[in-house]
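Student: Sharing a structure here in structure tokens format.
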Amino acid sequence: MLDEVAVPSAVSAESIKIMGESIGISPLGDDVARELAEDITYRLKNIVQDGKKFTHHGKRKRFTCEDFDWALKSKNIEPIYGVVSSEFIPWRLTSGGGRDLHFLEDRELEVSDIVTQQLPKLPPAAAVKCHWLAIEGVQPAIPENPAPMSKNLQKQEAVDPASKLAAAQADTRNTRNIHGRGLKSVETVRVKQLATHELSAEQQLYYKEITEACVGSDEPKRGEALHSLAFDPGLHQMVARLCTFIAEGVRVNVVQRNLALLIYLMRMTKALLDNNTLYLEKYLHELTPSVLTCIVSRQLCLKPDMDNHWALRDFAARLMSQICRHYNTTTNGLQTRISRVFCKCLNVDKTPLATVYGAVAGLCELGPEVIKALVVPKLRVLSNKIEQCIESPSAYEKNAAVHIKGMLVKSVPPVLKMNRNPPDLLTDYKNDFGFLGPLLQASVIKLRQTPGVGGVVVSAPALAPTLRPLSTPTPTRILHQSVGGVGGRALVVGSGGQVTTTGGVGVAPSPGQKLIIMTSRTPGVQQGLDSPQLVSAQLPLGEGSGATILSPTSTAAGAALPPGAKYVLVKTEPTDDEYGM
Amino acid sequence: MDDSDSPTYASLAPANPTMVNDLASVDLPSLSNIPDVNSNGHLPSAVQSPLSGQDVSSPQTPASLDMKSDGYSDMDKSTMIAVIQFLKRGNLKSTEEILRKECGFFEPVDVTDTSGALGEEGEVLAAYKSDGNPAEYQDAFKALSAFVEKSLDAYKYEVAAVLYPVLIHMYLELIYNGHRGEAVELLQNCSSSIEAHHADDLRSISLVTSRAQMAGQPLLNTLLSAQYTCRMSRDSLAHLKRFLADRSAGPVPRIIQDRLNIDLVDGQPRTKAQVLAVQGAITGEAPRSANKTKIFYGLLKEPELQTVINEEEEAEDDLDKPKKKKSKKDALQKNKKNDPNAPPANRIPLPELRDQDKQERARIYRDSMKRVTLSRDALPSICFYSFVNASNTCVGGSVCSVDISDDSSILAFGSAESILSVHSITPAKLKAMKPAEQLSDIDKDSEDVLVRMLDDRSGETQRNLMGHSGPVTAVSVSPDKALLASSGQDGTVRIWSLQTWTCVVVLRGHIYPVWSVRFSPHGYYLVTGGHDRTARLWTTDQHLPLRIFAGHYSDVDVVEFHPNSNYVASGSSDRSVRLWDCSNGACVRIFTGHKGTVSAVNFSPCGRYLASGSCDARILVWDLGGHGNALAALSSHSDTIHTLAFSREGTILASGSMDCTVKIWDFAKVTEEGRDEDVNATTSPLEDKSLLLSTFPTKQTPVLSLHFTRRNVLLASGPFNG
């Protein structure tokens, strides 16, 4: 009813006075201003009410300037020219002197710039695309249709299984809609019955094809299969099977020491993690041990001194950090448990060096806080071990020691830089870290000398012209980058109002930082129904899609988290439900 | 059709003054409405085209004037003076001069009413003048609402219906008499006792805070010109009268006496659900007297097609021919049966079938043999046509309207950037006609002359039509696919030829944006509805409307033809659906019950049922055999419903909405035997969750159009808002 109207908006008498002054009518009497303000409010509201009809017939939800113009025209009033906005009017708010002021930011443009600028591309023409929304009453799970079960729903189910029961009791029809007509509505509802794990013939076929392709020898086919796993909606019914497949596969192949297959399985895991229609919390009991195995297992290949099992360990470590970031909650304490496993492996005397490497890699991926708390105290012991082994006659031990050293020298200095005060004296480092001391000290000093360390603020105007795709008028701004946060997170704001934090991303060998700048979706950019694929294909190029990667512009603190980059980009999709469309 | 005494097209021509007068006299509220609407500035100048700003004195402008200028010779002087007075008042000098010149009427005319537009308005508003004590209003209303609250449940809900009109008229009386503070207080304190669906109107009314503002408010005009109707049983009325007798002084009895039209009904008082089901329209319920006319809702007799079908059949492969033929014959027999509810075939003149039409009918027929039978166990397949790069934010402008031709071969859509785009959705290309010199070479008697006159080389899959100067609000493809009608916010309706790909006629008549246009299922006729609160019936061979359906109290947002072309349904922002008779222009049904702007209407293929969807996200189903009561209320959507479609055999209803879903409803169950027998005032509409068969969400694509192909595949379309 009427009291639901939050604050009745009105033009204030003060505004009228200011407007009067601006056109040279002053002073305006209080009574006059009040009378005018009231009348203007009334007329504005009437026009807006009329304009809503135009919004309705334009089949839109948002009221635009054009609607207002049309309402004026229908009242035989000259419309206001020059105020056009296809989407929204970016009102900005400023406050000072105890008053709030809303204003429209009107930037001054150089005419010469506009003249010399390249002509913007023509907007793509409207086109018609067709797909099956339903086939005999069943909605096919194709990218053009929304995911049968949204990620939020999956999450809710995983967190609170009882919700499913309640929902089922409330509306059995709903489940029927999700599964199409295949599922019979059951009158007596029991929890176990609801967890149907029947796969249709097509799904079984798909499962067979996908698993074969993922571990087969045909690389292009594997690429397609992984792409399908990473982007197809509607996999949630098969995730359980796929996770079991991965778990079983890892178990068998670790015994067999089949490095290639383990890599394939980890890539499958990565694809599943990347699929933003899936919520995998329910399946972590299978995924986590498999990934952990690939990080810290004693032996992953037949010839440990020759094969590059280090890459697998690195990759799996990154996966693990991805899992922790997505699914760590206070209830499951995932990260704590994982860290504990890694710490156990750091017991240098008992564990083989490959395992130690895995543990170090795993911990380093988990971010600077973890490094500071768990790796730095062990540095002394580790460097002693490295010192022993690096001189060792065994090629395997020597190789392992070099790898551990490399990993430590890459990941630890940024943390040390933040936690130790200059001056960085060689003797201190030697005392604290033994053999690795000089190396660490050298890289810390190098880090300190690099400009731009600390809070990096990149001013938008410098970047915007080169970045701006097509003719979008939306400026891009990076608001700030915090220093002490986990992983040196940069807060990046796109003009569309999206805010995200990105893991500070440094890529070896040069500890550079990648900035990920999000712009709002540009009007007029071709976004066909296949845009998810399109986005993924163009990610590294940073064109055409909503996300743009900059090449290293400055160095920064932060743990190296290359997969973080991918993750952030995936998250540039507006929301889970929208699925990149 | 070859009867010599059957009506001809000419008999429907607008120049026939008796016909026009008939039409005008049909709807009394509309008559009382029009003058004050004109004078108060809401329709500022009847003869001035508001969008072009030009004076248009040609006969394309409103029919009411137009008729007069047609027959000025026998028109009486006083009417002429009134028209000229009106023109003077509107300061339309050039129009006045032209009119005087054309009529040879040069007597001086004084504008006696110097107070201008406010004069008449003042008279209407003066009814609000009262010297009542402003303080007693709130107490009086509180007493009324306390009385309603304490009433027996049997009477409570019927009596409660008077609260809303009493409140708003009290408010307006207070405002008129300058007691602004009391008025605002009254509305603040008492609006909680009003049903929630009146909130929008209350909000509009509450904007009016001074006497001067009362003049221009469109909603207020409606409230002044039309009495709010409350239907009440004899017992409830007696109950109410007892209360009024106790407090014979004060504003409440006066307002109920002056402002309310109480529609007395014999029988039991209605329950809460029944009362709520019919409330919602701006003017309350439809009076029962408005819904008494018999409606010929049956389908017209199918023309004789046996010969065509047999010919076609011979041409076809004759595998398992005997079986086919038998079933066809049965079906044909069935078609020929005379429907007792069908209108006489010559009730309105329909175009004679040409050979190509007969072939088209035969094709429809053959397709209907092959179509899938849909039911609650056999749901349809849905093919979705999404428009990419056509969302709200795209430079090319958003798609506002979509239509698919009856044979599902052409998809036309209109955009906010005034462009109409026609796509072929079959492999067949869109061909243009050959140039004139080549056309003359074609043998006109040859059988395939229609194919030959098209230029094969010009085949394209998509063509743009440009001509509108505002968003294209609706498109409709004629049943023979030769013409395309489109309506625009620029106030024009355009008819385009799909053979020459040009605009062939611009129908001017609506003086404000036109919201909807539909071709009749028999071709030839088309109906439009617009912001000027009228729906108009046109034909393809004249540029003047044949009928003006006036009566709605707000914009006519959507129109649709009955399958037998004798009736037109219109949905309006006054939250009612009206059914109009094309033969005499009368309003034969007023359906109330929607709580928001009616945004979609459609008839079932059998012609008996009408489904309407609205901005309140509900679908109501009406029985044309009954007397204006809803048969079912289907609610599950969460946003405006923009389109409704019935499967070809009428067992399934599909609805598409702004909430980006297509929902499938079990219409067979709605119309089940037994239910449709005795729908009257005492039954409440069926509201059953099991009527919803399925929901198909789309990906951020509002559904603007739904269309069942002849074989019952559902085609949906909408712009993708990624």
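The values are calculated or read from the model by the stated rules, or taken from the named source; none is laboratory data. Computed from a predicted structure; not experimentally measured. Glycine also receives a Cβ, built like all others from the backbone with ideal geometry; neighbour counts cover every protein chain displayed. SASA here: full protein model, heavy atoms, side chains in, ligands and nucleic acids out. Shrake-Rupley method; radii C 1.70, N 1.55, O 1.52, S 1.80 Å.
Student: Which of the residues belonging to the range A:354-369 are out of contact with any Ser or Thr (no Cβ under 6 Å at 6 or more places or on another chain) and assigned to a helix (DSSP H, G or I)?
Tutor: Here is the first cut: in the range A:354-369, the residues out of contact with any Ser or Thr (no Cβ under 6 Å at 6 or more places or on another chain) are A:354-363, A:367-369.
Within the range A:354-369, A:354, A:355, A:356, A:357, A:358, A:359, A:360, A:361, A:362, A:363, A:368, A:369 meet the criteria.
Student: Regarding the range A:388-407, can at least one residue be identified that is in a loop (DSSP other than H, G, I, E, B), open to solvent by 50 Å² or more (accessible area, probe 1.4 Å) and either under 22 Å from residue A:300 (Cα atoms) or not aromatic (Phe, Trp, Tyr) (or both)? Break it down into steps so the answer makes sense when it comes.
Tutor: Going residue by residue through the range A:388-407, those that are in a loop (DSSP other than H, G, I, E, B) are A:391-394.
Next, from what is left, pick out any that are open to solvent by 50 Å² or more (accessible area, probe 1.4 Å): A:391, A:393.
In the following step, the residues that additionally are either under 22 Å from residue A:300 (Cα atoms) or not aromatic (Phe, Trp, Tyr) (or both) were identified as A:391, A:393.
Looking through the range A:388-407, at least one residue is in a loop (DSSP other than H, G, I, E, B), open to solvent by 50 Å² or more (accessible area, probe 1.4 Å) and either under 22 Å from residue A:300 (Cα atoms) or not aromatic (Phe, Trp, Tyr) (or both).
Student: Moving on to the next point. Select from the range B:409-429 the residues that are open to solvent by 10 Å² or more (accessible area, probe 1.4 Å) and either aliphatic (A, V, I, L, M) or over 24 Å from the mean Cα position of the chain (by Cα) (or both) and list them in ascending order.
Tutor: B:409, B:410, B:416, B:417, B:419, B:423, B:424, B:425, B:426, B:427, B:428, B:429
Student: Let me ask another. All but one of (1) open to solvent by 30 Å² or more (accessible area, probe 1.4 Å); (2) more than 25 Å from residue B:626 (Cα to Cα); (3) assigned to a helix (DSSP H, G or I) hold for residue B:222; which doesn't?
Tutor: It is condition (1) that residue B:222 fails.
Student: Out of the residues in the range B:230-262 meeting the condition of being at pLDDT 80 or above and of a type in the set (Lys, Arg), tell me which one is surrounded by the fewest Cβ atoms within 10 Å (Cβ to Cβ).
Tutor: Result: B:242.
Student: Test of understanding: among A:122, A:153, which residue is within 14 Å of chain B (Cβ to nearest Cβ), part of a helix (DSSP H, G or I) and out of contact with any strand residue (DSSP E or B) (no Cβ under 8 Å at 6 or more places or on another chain)? Don't jump to the end; show me each part of the working.
Tutor: Values: A:122 fails: part of a helix (DSSP H, G or I).
After applying the criteria, what remains is A:153.
Student: Among the numbered criteria (1) open to solvent by less than 30 Å² (accessible area, probe 1.4 Å); (2) within 23 Å of residue B:592 (Cβ to Cβ); (3) small (Gly, Ala, Ser), which single criterion is violated by residue B:193?
Tutor: With (1) open to solvent by less than 30 Å² (accessible area, probe 1.4 Å); (2) within 23 Å of residue B:592 (Cβ to Cβ); (3) small (Gly, Ala, Ser) applied to residue B:193, the lone miss is (1).
Student: Taking the options B:388, B:402, name whichever one is within 29 Å of the chain's Cα centre (by Cα), within 14 Å of chain A (Cβ to nearest Cβ) and either more than 25 Å from residue B:526 (Cβ to Cβ) or surrounded by 18 or more Cβ atoms within 10 Å (Cβ to Cβ) (or both).
Tutor: Numbers: B:388 fails: within 29 Å of the chain's Cα centre (by Cα).
Of B:388, B:402, the one residue that is within 29 Å of the chain's Cα centre (by Cα), within 14 Å of chain A (Cβ to nearest Cβ) and either more than 25 Å from residue B:526 (Cβ to Cβ) or surrounded by 18 or more Cβ atoms within 10 Å (Cβ to Cβ) (or both) is B:402.
Student: Among the residues of the range A:396-412, write down those that are without any contact (Cβ under 8 Å) to a residue 12 or more places away in the chain and under 13 Å from residue A:353 (Cα atoms). Outline the logic, then answer.
Tutor: So in the range A:396-412, the residues without any contact (Cβ under 8 Å) to a residue 12 or more places away in the chain come out as A:398, A:406.
Matches in the range A:396-412: A:398 only.
Student: Based on this model, can you work out whether residue A:356 counts as open to solvent by less than 10 Å² (accessible area, probe 1.4 Å) and under 17 Å from residue A:404 (Cβ atoms)? Write out each step before concluding.
Tutor: Details: open to solvent by less than 10 Å² (accessible area, probe 1.4 Å): yes; under 17 Å from residue A:404 (Cβ atoms): yes.
Yes: the conditions hold for residue A:356.
Student: Only one of A:66, A:110, A:144, A:78 is within 13 Å of chain B (Cβ to nearest Cβ), at pLDDT 80 or above and open to solvent by 80 Å² or more (accessible area, probe 1.4 Å); which? I'd like the intermediate steps shown before the answer.
Tutor: On the way: A:66 fails: open to solvent by 80 Å² or more (accessible area, probe 1.4 Å); A:110 fails: within 13 Å of chain B (Cβ to nearest Cβ); A:144 fails: open to solvent by 80 Å² or more (accessible area, probe 1.4 Å).
Among A:66, A:110, A:144, A:78, only A:78 is within 13 Å of chain B (Cβ to nearest Cβ), at pLDDT 80 or above and open to solvent by 80 Å² or more (accessible area, probe 1.4 Å).
Student: Can you tell me which residues in the range B:263-273 are surrounded by 14 or more Cβ atoms within 10 Å (Cβ to Cβ) and free of Cβ contacts under 8 Å to residues at least 40 places away in the same chain?
Tutor: If the condition is that a residue be surrounded by 14 or more Cβ atoms within 10 Å (Cβ to Cβ) and free of Cβ contacts under 8 Å to residues at least 40 places away in the same chain, then B:263 is the only one that fits.
Student: Evaluate the following for residue B:463: is it in contact with a Phe, Trp or Tyr (Cβ under 7 Å, 6 or more places away or on another chain), basic (Lys, Arg) and either more than 20 Å from residue B:523 (Cβ to Cβ) or in a loop (DSSP other than H, G, I, E, B) (or both)? Explain how you work it out, then say what you get.
Tutor: On the way: in contact with a Phe, Trp or Tyr (Cβ under 7 Å, 6 or more places away or on another chain): yes; basic (Lys, Arg): yes; either more than 20 Å from residue B:523 (Cβ to Cβ) or in a loop (DSSP other than H, G, I, E, B) (or both): yes.
Criteria met by residue B:463.
Student: Moving on. Looking at the structure I just gave you, is residue B:633 away from every other protein chain (no Cβ under 12 Å), out of contact with any Ser or Thr (no Cβ under 7 Å at 6 or more places or on another chain) and in a strand (DSSP E or B)? Lay out the reasoning, then the answer.
Tutor: Values: away from every other protein chain (no Cβ under 12 Å): yes; out of contact with any Ser or Thr (no Cβ under 7 Å at 6 or more places or on another chain): yes; in a strand (DSSP E or B): yes.
Yes.
Each row is one residue, and each column tells you yes or no for (1) over 24 Å from residue B:654 (Cα atoms); (2) open to solvent by 10 Å² or more (accessible area, probe 1.4 Å).
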site	(1), (2)
B:559	no, no
B:580	yes, no
B:588	yes, no
B:616	no, yes
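Student: Quick check on this structure: which one of B:494, B:518 is among the charged types (D, E, K, R), in a strand (DSSP E or B) and under 15 Å from residue B:557 (Cα atoms)? Show your work before the answer.
Tutor: Working: B:494 fails: under 15 Å from residue B:557 (Cα atoms).
Of the residues listed, the single one that is among the charged types (D, E, K, R), in a strand (DSSP E or B) and under 15 Å from residue B:557 (Cα atoms) is B:518.
Student: Tell me the residue from A:105, A:35, A:136 that is on the phi < 0 side of the Ramachandran plot and facing chain B (nearest Cβ under 10 Å), please.
Tutor: Values: A:105 fails: facing chain B (nearest Cβ under 10 Å); A:136 fails: on the phi < 0 side of the Ramachandran plot.
Checking each option against the conditions leaves just A:35.
Student: Then there's this: Answer with yes or no whether residue B:504 is hydrophobic (A, V, I, L, M, F, W, C), over 30 Å from residue B:365 (Cβ atoms), open to solvent by 40 Å² or more (accessible area, probe 1.4 Å) and at pLDDT 90 or above.
Tutor: On the way: hydrophobic (A, V, I, L, M, F, W, C): yes; over 30 Å from residue B:365 (Cβ atoms): yes; open to solvent by 40 Å² or more (accessible area, probe 1.4 Å): yes; at pLDDT 90 or above: yes.
Spelling it out, residue B:504 is indeed hydrophobic (A, V, I, L, M, F, W, C), over 30 Å from residue B:365 (Cβ atoms), open to solvent by 40 Å² or more (accessible area, probe 1.4 Å) and at pLDDT 90 or above.
Student: Sort out which residues of the range A:330-350 are in contact (Cβ under 8 Å) with a residue 12 or more places away in the chain and of a type in the set (Ser, Thr, Tyr), and write them in order of number.
Tutor: Across the range A:330-350, the qualifying residue is only A:339.
Student: For residue B:227, state whether it is more than 14 Å from chain A (Cβ to nearest Cβ) and surrounded by fewer than 21 Cβ atoms within 10 Å (Cβ to Cβ). Full working, then the answer.
Tutor: Numbers: more than 14 Å from chain A (Cβ to nearest Cβ): yes; surrounded by fewer than 21 Cβ atoms within 10 Å (Cβ to Cβ): yes.
So residue B:227 passes the test.
Student: Being more than 9 Å from chain A (Cβ to nearest Cβ) and open to solvent by 10 Å² or more (accessible area, probe 1.4 Å) is the filter; apply it to the range B:682-704 and report the residue that is nearest to the chain's Cα centre (by Cα).
Tutor: B:685
Student: Hey, another quick one. If I ask for residues that are surrounded by fewer than 18 Cβ atoms within 10 Å (Cβ to Cβ) and either touching a Gly at 6+ places or on another chain (Cβ under 6 Å) or more than 9 Å from chain A (Cβ to nearest Cβ) (or both), which ones from the range B:202-213 would you list?
Tutor: Answer for the range B:202-213, where residues must be surrounded by fewer than 18 Cβ atoms within 10 Å (Cβ to Cβ) and either touching a Gly at 6+ places or on another chain (Cβ under 6 Å) or more than 9 Å from chain A (Cβ to nearest Cβ) (or both): just B:211.
Student: Just for the range B:453-478: of the residues that are open to solvent by 50 Å² or more (accessible area, probe 1.4 Å) and in contact (Cβ under 8 Å) with a residue 12 or more places away in the chain, which one is nearest to residue A:58 (Cα to Cα)?
Tutor: Of everything passing the filter in the range B:453-478, B:469 is nearest to residue A:58 (Cα to Cα).
Student: Here is a check on your reading of the model: is residue B:608 over 22 Å from residue B:710 (Cβ atoms) and basic (Lys, Arg)? Let's see the steps before the verdict.
Tutor: Values: over 22 Å from residue B:710 (Cβ atoms): no; basic (Lys, Arg): yes.
For residue B:608, the condition - over 22 Å from residue B:710 (Cβ atoms) and basic (Lys, Arg) - is not met.
Student: Still on this structure, please answer the following. Which of the residues spanning the range A:223-246 are in a helix (DSSP H, G or I), under 14 Å from residue A:204 (Cβ atoms) and either open to solvent by less than 10 Å² (accessible area, probe 1.4 Å) or small (Gly, Ala, Ser) (or both)?
Tutor: The answer is A:240, A:242.
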